[in-house]
Amino acid sequence: MRGIRSACGGNIRFLVALLCAGLLAGCGSSTAPTLVNGNAGGSNGNGSSGASAVRVLSNRADLISGGDALVQVVLPDGAPAGATTVDLNGVDVTHDFSSASDGRYMGLVSGLVPGSNQIVAHLPGGDSSVTLIDHDNGGPVISGPQLEPWVCQQGATDAKCNQPVSYSYVYLSTDPTKSGFQAYDPAHPATDVASTTTDNGTTVPFIVRIETGYQDRDQYKIAALYQPGKPWTANVPQPQFNHKLLITHGVSCGVDHTTGNAPSVTSYAPANLVSITGGSLPVTPPTAVFADSAQYALGKGFAVMSTALDYSGHNCNLPLQAESLIMAKEHLIEQYGTLRYTIGTGCSGGSLAQQWIANAYPGIYQGILPTCSFPDAWGTATQFADYHLTLAYFLDPSKWGSGVVWSPTQMSDVQGHLTIVNSEVSEQAQFHVAVPTDPCAGVTVAQRYDPKTNPGGVRCDIQDAAINIFGPRPEAIWSDMEKTVGHGFAGFPVDNVGVQYGLQVLQLGTITPAQFIDLNQKIGGLDVDTNPTPTRTPAVEPALANAYRSGMINEGNNMNQVAIIDCRGPDPGAFHDAYRAFAMRARLDRENGTHANQLIWEGPIPIVADAQCNQTSLIAMDRWMSAIEKDTSSKPLAQKIIADKPADLGDQCWSGVGVKLSDGLCPGINTPVAGAPALSVGVVPIYATPRMIAGDAISTDTNKCQLKPLNRSDKYGPLGFTDAQWAQMQQIFPDGVCDYSKPGVSQQPTIPWQTYQNADGSVIYGGTPLPPAPANSGGGWAGPAFEVFSPGT
């Protein structure tokens, strides 16, 4: 049957370096002062409540990159700016500072040196200082040693892929025959430019400037409404900028060893179902019927940003994705101005990026809009691995025992879906990314791993690309290839020991004991190269524990600090299962006692729910964020997100063409069956996974189960086992079977804001928590209601 709907240690050198730099001095609390557009609430025009200070607005002071930082000097009450001088490493940089349009005294300080820098403001009442740690524009900052080899883009000026920033322009036309953005040349202005009025009431020509640059060895893009010929600085942005940021993301999950293209910042609609399903759907609704949330956001005055490293199909490494956003947000704030809040949007791999970054690095986003969502890559990996193993068995009748025959319906029942098509699409679209011999961009055939001819070659899989996170396999379990090269490959945090495949359909009598035993006897597992093995796959430690600690398995324990609207349509057998929105909901309930910060909007369009959902959810999220930023209470952010949610926002059902049909989830017919997940049919059917059919919860984040003794008196269906069959069961499960009433082995909360490198750049396998955010840093990331750098970060 199928379907259910339910509701510091280790980094001694790094810490010593920070202590020596003075970053931890006086930090009794890890909550940095956070500012509305860089302002702390207070009594004077400098955002001061009387105490002078130097504040780093563009990032945490210990994560600065690129040689510059946006800095505010909070002047003593009544003190003129001219009475203050500012030094960087002993050199006068007062000329970088000026009074901003909102009265702050701030400046973009450049010329930082790699490592420790000190900014000192000489104020009438005494000196104030802050220490900054600057990192190379090419990275890394927190992700640890970078992938090698790496092929830079054409035009790069060095091995870190740096390249001068370039700008291009587009506009919207008043001519109805010109659809979408048109190229714009400021030297030869078009005469048919439409106008737009931003949400702060400013009316300007609908001209957008697109900035393209390179950080962290990869591309970023920033788009914003722009008035050519007029200045724009962080101190005095052009008036149409509303100080809000939308981040767009790509799809899939994979790894490249070369620079890529950042997702579009002028057009975003999750409409290309052929792309997001790996080409499995031959027909897709025309893109034109889908609302374009990026175009809408630009017209309202948002900046829209993306990075290539946050395109999960290009890079499926969580800390590296977070690092690229940390660097890009810093740059945006330094060049465009401070932010009120940031909203993420993305489908499939884009939803994956939003959700696991929001959990592992809370504060990067204040709101997220996942569509066709995945909570993560590695909690989902058990489903993909189980599909791979069950397909290998089901589609090869020569493996079936004497007298054992499987019907297509029985196969799909074991997998938990309507048909096995879902698993076949999954196999085609995603399983290969875990195969180390798979080709990957930037790696030649001669460079790529081959277990026989090139065991030391580049392993083109997502687990080895994330070896800084998972850690290498311990020497005691090395394969011949690892022994040959003298080091372990990345550990694999997936396990199927003790899993009783098909258990719930056996209990229902849908399959026979003979089928159940034959399947579980021959299911096997995967070796370090993902080749089939006759024995089950044991998860490798410490990779399993590290997957939870890092957030690569997203436990949701920090996601109460972000508002979520999830657009969820039915799954047409294209491996974007609708249950995953509810898997995230189940994790939120388990970890935080509520899912009130997560809304699910359903509709009939496959995968994406509604043609307008991406835009309507953005409009709703913007209202939600605006309500939170007005909350000046001392309530924790998690409480504000729920308390300040507009009263008309909740789960909703949409028509598919932009009309809300009802509050609450779309109508369905849930037919619970004792001992099995419920069959949920209706607008958005909810199917199961092979693990759920084996007894796992809909949260599906038990990558390795705890075992319990095999017990013949457990429920094994109406027929039970013969003595001979029970003897086979004892051989199949000598150590016991999964006990899903208990947490998984090594299952633990995600630790927020980890770094994977020491001060000297060497790796910290598995990561270690960053120290508390240095005082007076990060204030430009969001308004004070959002507590960007909260305790523990």
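Is there a residue being among the polar types (S, T, N, Q), open to solvent by less than 50 Å² (accessible area, probe 1.4 Å), at pLDDT 95 or above and outside any loop (DSSP other than H, G, I, E, B) anywhere in the stretch 260-283?
No, the stretch 260-283 has no match at all.
Of the residues that make up the stretch 538-561, is at least one over 30 Å from ILE628 (Cβ atoms), of a type in the set (D, E, K, R) and open to solvent by 10 Å² or more (accessible area, probe 1.4 Å)?
Yes, there is a match, as at least one residue in the stretch 538-561 is over 30 Å from ILE628 (Cβ atoms), of a type in the set (D, E, K, R) and open to solvent by 10 Å² or more (accessible area, probe 1.4 Å).
Being closer than 19 Å to PRO375 by Cβ and open to solvent by 10 Å² or more (accessible area, probe 1.4 Å) is the filter here; which residues of the stretch 316-343 pass it?
Passing the criteria: ASN317, LEU320.
Restrict the check to the stretch 440-447 and report whether at least one residue is open to solvent by 50 Å² or more (accessible area, probe 1.4 Å) and either hydroxyl-bearing (Ser, Thr, Tyr) or in contact with a His (Cβ under 6 Å, 6 or more places away or on another chain) (or both).
Looking for residues that are open to solvent by 50 Å² or more (accessible area, probe 1.4 Å) and either hydroxyl-bearing (Ser, Thr, Tyr) or in contact with a His (Cβ under 6 Å, 6 or more places away or on another chain) (or both), one finds at least one in the stretch 440-447, hence yes.
A quick yes/no check of all residues on (1) aliphatic (A, V, I, L, M); (2) more than 15 Å from the chain's Cα centre (by Cα):
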| position | (1), (2) |
| --- | --- |
| ARG536 | no, yes |
| VAL540 | yes, yes |
| ALA543 | yes, yes |
| TYR548 | no, no |
| MET552 | yes, no |
| GLU555 | no, no |
| ILE564 | yes, no |
| GLY569 | no, yes |
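Could you look through the stretch 99-128, keep only residues that are at pLDDT below 95, open to solvent by 50 Å² or more (accessible area, probe 1.4 Å) and of a type in the set (Gly, Ala, Ser), and pick out the one that is farthest from VAL255 (Cα to Cα)?
If we take residues in the stretch 99-128 being at pLDDT below 95, open to solvent by 50 Å² or more (accessible area, probe 1.4 Å) and of a type in the set (Gly, Ala, Ser), then GLY125 is farthest from VAL255 (Cα to Cα).
With SER398, SER312, SER402 as the choices, which residue is in contact with a helix residue (DSSP H, G or I) (Cβ under 6 Å, 6 or more places away or on another chain) and either over 25 Å from MET559 (Cβ atoms) or in a loop (DSSP other than H, G, I, E, B) (or both)?
Values: SER398 fails: in contact with a helix residue (DSSP H, G or I) (Cβ under 6 Å, 6 or more places away or on another chain); SER402 fails: in contact with a helix residue (DSSP H, G or I) (Cβ under 6 Å, 6 or more places away or on another chain).
Matching residue, one of SER398, SER312, SER402: SER312.
Would you be able to tell me the number of residues in the stretch 740-782 that are open to solvent by less than 10 Å² (accessible area, probe 1.4 Å) and either touching a His at 6+ places or on another chain (Cβ under 7 Å) or assigned to a loop (DSSP other than H, G, I, E, B) (or both)?
Selection size over the stretch 740-782: 12.
So, restricting to helices (runs of 4 or more DSSP H) that lie completely within the stretch 466-581, which ones have at least 2 residues that are over 23 Å from ALA429 (Cβ atoms) and among the hydroxyl-bearing types (Ser, Thr, Tyr)?
It comes to 543-550.
So, in the stretch 409-439, exactly how many residues are open to solvent by 50 Å² or more (accessible area, probe 1.4 Å) and either assigned to a helix (DSSP H, G or I) or at pLDDT below 95 (or both)?
Qualifying residue count for the region: 8.
Say we look at the stretch 734-764 and pick out the residues that are of a type in the set (A, V, I, L, M) and under 27 Å from the mean Cα position of the chain (by Cα); which of these is nearest to SER699 (Cα to Cα)?
Among those residues, the one meeting the criterion is VAL745.
All but one of (1) within 25 Å of ASN703 (Cα to Cα); (2) open to solvent by less than 30 Å² (accessible area, probe 1.4 Å) hold for ASP714, so report the exception by its number.
With respect to (1) within 25 Å of ASN703 (Cα to Cα); (2) open to solvent by less than 30 Å² (accessible area, probe 1.4 Å), ASP714 is out only on (2).
Within the stretch 116-154, restricting attention to residues that are among the β-branched types (Val, Ile, Thr) and either part of a strand (DSSP E or B) or out of contact with any Gly (no Cβ under 9 Å at 6 or more places or on another chain) (or both), which residue is farthest from GLN447 (Cα to Cα)?
VAL120
So which residues in the stretch 38-75 are of a type outside the set (Gly, Ala, Ser), modelled with pLDDT of 90 or more and open to solvent by 10 Å² or more (accessible area, probe 1.4 Å)?
Start the filter on the stretch 38-75 by keeping residues that are of a type outside the set (Gly, Ala, Ser), which leaves 39, 44, 46, 54-57, 59-60, 62-64, 68, 70-75.
From what's left, modelled with pLDDT of 90 or more: 54-57, 59-60, 62-64, 68, 70-75.
ARG55, ASP68, listed by residue number.
Give the stretch 317-343 a look and list any residue that's in contact with a Ser or Thr (Cβ under 8 Å, 6 or more places away or on another chain) and more than 22 Å from ILE133 (Cα to Cα), or say none.
ASN317, LEU318
The values are calculated or read from the model by the stated rules, or taken from the named source; none is laboratory data. These numbers come from a predicted model, not from an experiment. In this analysis, Cβ positions are derived from the backbone assuming ideal geometry, glycine residues included, and neighbour counts consider all displayed protein chains. Calculation scope for accessible area: heavy atoms of the full protein, side chains included, ligands and nucleic acids excluded. Shrake-Rupley method; radii C 1.70, N 1.55, O 1.52, S 1.80 Å.
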